[in-house]
1. Quick check: anything in the stretch 226-246 open to solvent by 70 Å² or more (accessible area, probe 1.4 Å) and within 16 Å of the ligand (Cβ to nearest atom)?
2. Just checking, how many residues over the stretch 143-199 are part of a loop (DSSP other than H, G, I, E, B), out of contact with any Asp or Glu (no Cβ under 6 Å at 6 or more places or on another chain) and within 11 Å of the ligand (Cβ to nearest atom)?
3. I'd like to check something: does the stretch 268-281 contain any residue that is of a type in the set (A, V, I, L, M, F, W, C) and within 20 Å of MET348 (Cβ to Cβ)?
4. Going residue by residue through the stretch 506-514, is there one that turns out to be closer than 25 Å to PHE428 by Cα, of a type in the set (A, V, I, L, M), open to solvent by less than 30 Å² (accessible area, probe 1.4 Å) and at pLDDT below 95?
5. Consider the stretch 454-469. How many of its residues are part of a loop (DSSP other than H, G, I, E, B) and either open to solvent by 60 Å² or more (accessible area, probe 1.4 Å) or at pLDDT 95 or above (or both)?
6. If you scan the stretch 377-393, which residues turn out to be surrounded by fewer than 20 Cβ atoms within 10 Å (Cβ to Cβ) and within 11 Å of the ligand (Cβ to nearest atom)?
7. Please work out if PHE428 is within 16 Å of the ligand (Cβ to nearest atom) and touching a residue at least 40 places away in the same chain (Cβ under 8 Å).
8. Filter the stretch 86-120 for residues that are touching a residue at least 60 places away in the same chain (Cβ under 8 Å) and touching a Lys or Arg at 6+ places or on another chain (Cβ under 9 Å); which is nearest to ASN430 (Cα to Cα)?
Amino acid sequence: MQGERPERDQRAAGSEDIDVLIVGAGFAGLYMLYKLRELGFRAQVVEAGSDVGGTWYWNRYPGARCDIPSIEYSYSFSPELERDWRWTERYAAQPEILAYLGHVADRFDLRRDIRFDTRVMAADWDDAAGHWAVTLDDGSTQPTPHLILATGALSAPKTPDLAGLDKFRGDILHTALWRDDVAIDGKRVAVFGTGSSGIQAIPQLAARAAQLTVFQRTPNFAVPAGNHPLTDEDRATAARTLRADREAARHSPLGFFSAPRPGAAKAQDPAARTQRFEEQWGAGTAGMLLAYEDLLFDEESNGFAAQFIRDKIAGIVADPDKRRAITPTGYPLGSRRMCSEIGFYDAMARDDVTLVDVRENPVIDMTADSIVTQSGGYPADVIVFATGFDACVGAIKSIDIRGRAGLSLRDDWDNGPRAYLGLAIAGFPNLFTITGPGSPSVLSNVVISIEQHVDWIAQCLAALRARGGAIIEAEADAEQAWMAHTDEVAQQTLFPRADSWYKGRTRDGREVFMPYVGGVGTYRVRCDEVAAAGYAGFSIRERTSI
Ligand code: NA7
């Protein structure tokens, strides 16, 4: 679609001669920069935050913690880095992950090529020149042959459009844009949302606030994180098998280190099944989902695991009304993002924590110091939105990207995202997305998925360079076939049975399941085959033809 846009400022005097511009300095952007430098490319990162970290820079809410074991949720590209960094807990808290990424930036001297406090506003493909003109929020324009979006799948925060919010005079926070200058202690705090962020923040907020009111729309399944400090012995044990575990994870369904598992839950006798769930209870979200091979495929087997968790909740939350409201029903376990909890159900059981089910009792207005629902008002000094993200597409759509013939990516993706292998988009030459829609991304250990994408893109750029800087673009047919395949694979699982942020929507209301659920290992093989076949499904144009 050809859109209208005002003239942009000309290229800034200080703009640099670069080969690749990378947007974002989180896990993906940092490794991309490292890798490209290693291959002799001139790469520059543009980052809106004041430091590295990406999602771990912004999400500083109390309780923010990874729900994948730290040793798995870390880079594998440098054995020296693996050896020197000592994770202190099984599941690292946000400050430790941020410190890790800061260490990576320092250790590999990455900061000198990162432009902080700068937001990418737009990018225009110039077909005649064979490059992108990238517009930054200081008004300058940076030309670059290649543009890589390392913008993260969960990085564009969403705030609900609640009636009367403009009348509220207290403080308003979002978990993904947390500020420490807002007082919580002794205040009346209202939290909206019980996804991963809400479930992590609620116990901490309950301990500090005078009273806490939780506005819940959909209850989620949460399992105990099973967090504990890591001892030297834990680290030494992990180090002994780390190489092999990493390699196995790269070829596994979800990218986790995992032991072999029994096949079908429904094939086991009830006592053995309960015993198995008990063992996995406390082994984190992946532990529960990987208890049996068929939990994400078979409704009956899934139902056993879901009921096991419901029974656990019933054992913690005594109040029958709260228990009913907080217990997830109506969708399969794992078909919405599973949550990991440390004291969430205990916090919800407290007398000074009120639960409002907004499906039964919607918010209809606000006053200066209260939230008004159909059944009455709830006083609040602070509102915390734990309402999540415009997942998988939001950060990309926040940039006004125009491809060949002025095609607007934003307009195009308003009709549901499309991408070939989740890596490239037809109509947008020399542009790559790291963990884009159509790749395992949010349904995998994302660090493993990031490393795989970065390695693949780097290899591709080297191949293009060897051909004199040839220009690459995904072919529309290959892209369409890949999106159809992504959907077909998802339909074989229980994922489509739930309303979740894994889904996007076309203009005519059709659902697009965004992550590729065929498995991290299968996906890797497919990407490698595409590269080995001379980038099958991509068109490559020699620069001399420009
Ligand atoms: P999520 O998982 O998208 O959770 C957002 C929550 O906010 C979810 O429970 C929503 O309910 C809820 N929500 C949204 N709007 C409202 C309103 N208006 N009222 C009440 N509740 C609302 O985001 P998170 O930040 O928790 O986690 C995202 C991922 O980040 C996480 O999985 C990790 O991978 C890291 P809904 O389900 O839409 O009914």
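The values are calculated or read from the model by the stated rules, or taken from the named source; none is laboratory data. Bear in mind the structure is a predicted one, so any value in this text is a computation, not a measurement. Counting neighbours? That spans all protein chains shown, and the Cβs are built from the backbone with ideal geometry, glycine included. For accessibility, only protein heavy atoms count, side chains too; no ligands or nucleic acids. Shrake-Rupley method; radii C 1.70, N 1.55, O 1.52, S 1.80 Å.
1. Checking the stretch 226-246: not a single residue is open to solvent by 70 Å² or more (accessible area, probe 1.4 Å) and within 16 Å of the ligand (Cβ to nearest atom).
2. Number of matching residues: 11.
3. Yes, some residue in the stretch 268-281 is of a type in the set (A, V, I, L, M, F, W, C) and within 20 Å of MET348 (Cβ to Cβ).
4. Looking for residues that are closer than 25 Å to PHE428 by Cα, of a type in the set (A, V, I, L, M), open to solvent by less than 30 Å² (accessible area, probe 1.4 Å) and at pLDDT below 95, one finds at least one in the stretch 506-514, hence yes.
5. 1
6. ASP390
7. no
8. The initial filter retains those residues of the stretch 86-120 that are touching a residue at least 60 places away in the same chain (Cβ under 8 Å), namely 86-91, 101, 104-105, 108, 110, 113-120.
If we keep only those that are touching a Lys or Arg at 6+ places or on another chain (Cβ under 9 Å) as well, we get 86-87, 89, 91, 105, 108, 110, 113.
Numbers: ARG86: 38, TRP87: 37, GLU89: 40, TYR91: 37, ALA105: 26, PHE108: 26, LEU110: 23, ASP113: 20 Å.
Checked the stretch 86-120; the qualifying residue nearest to ASN430 (Cα to Cα) is ASP113.
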